[in-house]
């Protein structure tokens, strides 16, 4: 794959992040990569509201959409 194709694919992944819905302001998310050759071992990470995250293996971007009251998932702390 030529360099410019890889750069375009990375730009597309950044422009179209996976939107993960959560009742809380952060949650654990796992990225298994794509299908076939793009698949990789699941990479687990905390996804927080207002902090986009990029998978270090496949460069897929994730953003959190809070659909509840927010706050920490353990019920403690500030919202």
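Taking the range 40-79 as the region of interest, how many residues are under 16 Å from residue 18 (Cα atoms) and either in a strand (DSSP E or B) or touching a helix residue (DSSP H, G or I) at 6+ places or on another chain (Cβ under 7 Å) (or both)? So the count comes out to 19. Residue count for the range 24-45 under the criterion of being modelled with pLDDT of 95 or more and either on the phi > 0 side of the Ramachandran plot or under 9 Å from the mean Cα position of the chain (by Cα) (or both): the result is 4.
Of the residues making up the range 29-39, those that are under 16 Å from residue 17 (Cα atoms) and either part of a strand (DSSP E or B) or in contact with a helix residue (DSSP H, G or I) (Cβ under 9 Å, 6 or more places away or on another chain) (or both) are 29, 30, 31, 32, 33. Restricting to the range 22-45, and then to whatever is surrounded by 11 or more Cβ atoms within 10 Å (Cβ to Cβ) and free of Cβ contacts under 8 Å to residues at least 12 places away in the same chain, can you tell me which residue is farthest from residue 63 (Cα to Cα)? That would be 39. Scanning the range 13-23 for residues that are over 9 Å from the mean Cα position of the chain (by Cα) and not in a strand (DSSP E or B) turns up 13, 14, 15, 16, 23.
The values are calculated or read from the model by the stated rules, or taken from the named source; none is laboratory data. Because the structure is a prediction, the values reported are computed rather than measured. Note that each Cβ is placed from the backbone with ideal geometry, even for glycine, and that neighbours are counted across all protein chains shown.
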